[in-house]
1. If a paramagnetic tag sat 7 Å from the Cα of LEU138 along the Cα-Cβ line, which residues of region 172-188 would have the backbone N under 12 Å from that point?
2. Order GLU165, GLU46 by their accessible area, 1.4 angstrom probe, all chains in place, largest first.
3. Kindly write out, for region 63-79 in residue order, the coupling ³J(HN,Hα) from the Karplus curve 6.51 cos²θ - 1.76 cosθ + 1.60 (θ = phi - 60°), rounded to whole Hz, with x marking Gly and Pro.
4. Determine how large the accessible area of THR3 is when every protein chain is in place; take a 1.4 Å probe and give Å² rounded to the nearest 10.
5. Percent of accessible area on region 77-188 owned by carbon and sulfur, 1.4 Å probe?
6. Work through the residues other than PHE122 whose Cβ is under 10 Å from its Cβ and net out their charges, Lys, Arg +1 and Asp, Glu -1.
7. For VAL123, which sequence-distant residues (separation of 5 or more, or a different chain) have an amide H within less than 5 Å of its own amide H, given hydrogens modelled in the peptide plane?
8. Counting only protein chains, not ligands or nucleic acids, how are LEU156, LEU73 ordered by accessible area (probe 1.4 Å), most first?
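The values are calculated or read from the model by the stated rules, or taken from the named source; none is laboratory data. This structure is a prediction, so every number in the text was calculated from the model and none was measured. FYI the Cβ positions are ideal-geometry reconstructions off the backbone, even for glycines, and counts take in every protein chain you see. Calculation scope for accessible area: heavy atoms of the full protein, side chains included, ligands and nucleic acids excluded. Shrake-Rupley method; radii C 1.70, N 1.55, O 1.52, S 1.80 Å.
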Amino acid sequence: MSTTGEISTPESWTGESSWSGDKLTLSRGETAVFDVGTAASDRWIEPVVWSEVGERTSSSWTGDRARLGTLQLTGPRQGISPTPGAMHPHTLQKAMPRSSEELRVQSTRGDLQLDGILVRPFVSRLVLEGDGGARTELVHSAARSPQKVRVGAGDLAVYDDRGREVRAKKDRFGAVTLPAGGFAIVER
């Protein structure tokens with residue numbers, strides 16, 4: 001990472017949530033560049049931002065040269081936690097292309113307090129293997145449109161974004177179409 005902003009180590013517990021470690025503060029006009037590498041699929045970028053009550057910030061985000069979105073935030077009113085302010089992830093408007101390697105942010109208003117960045121692929125997979133060749137595969141789509149993905153051999157169940165089972169079958173190449181936000185479970 002390179003930045004014109006300030007990296008500091010805040011007190012871990014905010015009274016509302018915990019910082020993951022250091023925080024990056026970008027004042028108006030300051031920038032940060034993160035090397036996130038390329039990926040097998042497009043990705044959602046979710047900056048995790050601390051917002052003070054009533055504080056207004058704005059930041060512009062790009063992946064290589066592709067514009068990913070603008071975060072315009074106003075800190076929420078104090079809730080039931082003992083500390084004013086809140087830390088939340090915010091999904092940018094556009095996905096970062098799989099071929100993009102560099103994520104850039106510029107603060108355009110206020111002091112952006114960044115705890116971290118979540119990088120979520122459109123399709124993620126968890127494979128669990130057990131004794132005797134037992135295998136369970138969970139494939140999840142974070143995409144906003146259906147995604148065609150290859151899955152392993154076994155009994156297949158596909159679910160939509162509300163957890164309702166939908167009809168699906170593998171094509172001759174072992175691929176299935178996941179609904180937007182849906183998931184598949186394959187067991188053998």
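1. The answer is 183-186, whose backbone nitrogens lie closer than 12 Å to the label point.
2. GLU165, GLU46
3. Once θ is set to phi - 60°, the couplings for region 63-79 become x, 6, 9, 7, 6, 9, x, 10, 9, 10, 10, 10, x, x, 4, 5, x Hz.
4. Accessible area of THR3: about 50 Å².
5. Exposed carbon and sulfur together represent 48 percent of the surface.
6. Result for the local shell: +3.
7. Distant-sequence amide H within range of VAL123: ALA142.
8. Correct descending sequence by accessible area is LEU156, LEU73.
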